[in-house]
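What follows is one structure encoded as structure tokens, with my remarks underneath.
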Amino acid sequence: MPDPGDQLRIDALVGDFFAAFDNRNGRIPTADGLLPLFADKAVVAKHDNGQCALYSPAEFVAPRIALLKSGELTGFHEWEVSETTEILGSLAVRNSRYSKSGLFNAASYSGSGTKRFQLARLSSGWKIVALSWIDDA
């Protein structure tokens, strides 16, 4: 029988993921807020223009944190708009629709897309083992 708390723990993990990209109101995002959400050997895939680029979590996180700290992208945040989660024992797959908004070089910046999380329940709790995303055109 599934643990009824698993959905709540996954919701919290994904909420922490999106919250880590928030630099509104003087927040300063750090890699320390993101990297613990991933399992060792996790993979991140960015899909863009029919191409797929693969990253380790550290490779994914570093340039995004740098951009959020640089002053070029301000008042930025991402949030989950809708989700479906399927939990099968220690495996979960979550399909998230998200939106993002901020100012890039003082000009309004916004967008939306889809993130697909593959998660595993490990001895340390639920972790992201794979993340793929694509922004809407």
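Each reported figure results from applying straightforward, stated rules to the coordinates on display, with no laboratory input. If you're wondering where the values come from, they're calculated on a predicted model, not measured in any experiment. Virtual Cβ from ideal backbone geometry, glycine too; neighbours counted across all protein chains shown.
Would it be correct to say that Ile28 is assigned to a helix (DSSP H, G or I) and over 23 Å from Glu86 (Cα atoms)?
Here the answer is no, as Ile28 does not meet what is asked.
Condition first: among the hydroxyl-bearing types (Ser, Thr, Tyr) and either under 16 Å from the mean Cα position of the chain (by Cα) or exposed (fewer than 15 other Cβ atoms within 10 Å of the Cβ) (or both). Now tell me which residues in the range 41-78 satisfy that.
Tyr55, Ser56, Ser70
State the number of residues belonging to the range 102-133 that are more than 24 Å from Gly75 (Cβ to Cβ) and either of a type in the set (Phe, Trp, Tyr) or surrounded by 15 or more Cβ atoms within 10 Å (Cβ to Cβ) (or both).
Going through the range 102-133 one residue at a time, the tally reaches 13.
Can you list residue pairs whose Cβ atoms sit under 8 Å apart, with the first residue in the range 55-71 being within 16 Å of Asn105 (Cα to Cα) and the second being among the aromatic types (Phe, Trp, Tyr)? Count only pairs 6 or more apart in sequence or on different chains.
Arg64/Phe21; Leu68/Phe21; Leu68/Phe76
Is there a residue being farther than 21 Å from Ser132 by Cβ and among the acidic types (Asp, Glu) anywhere in the range 45-62?
No: the range 45-62 contains no residue that is farther than 21 Å from Ser132 by Cβ and among the acidic types (Asp, Glu).
In the range 2-20, how many residues are touching a residue at least 60 places away in the same chain (Cβ under 8 Å) and in a loop (DSSP other than H, G, I, E, B)?
Number of matching residues: 1.
Restricting the first residue to the range 105-119 and requiring it to be in contact (Cβ under 8 Å) with a residue 12 or more places away in the chain, which pairs with a second residue that is small (Gly, Ala, Ser) and surrounded by 11 or more Cβ atoms within 10 Å (Cβ to Cβ) meet a Cβ separation below 6 Å and a spacing of at least six or different chains?
So the pair list comes out as Tyr109/Gly102; Ser112/Ser99; Lys115/Ser96; Arg116/Ser132; Gln118/Ala130; Leu119/Ala92.
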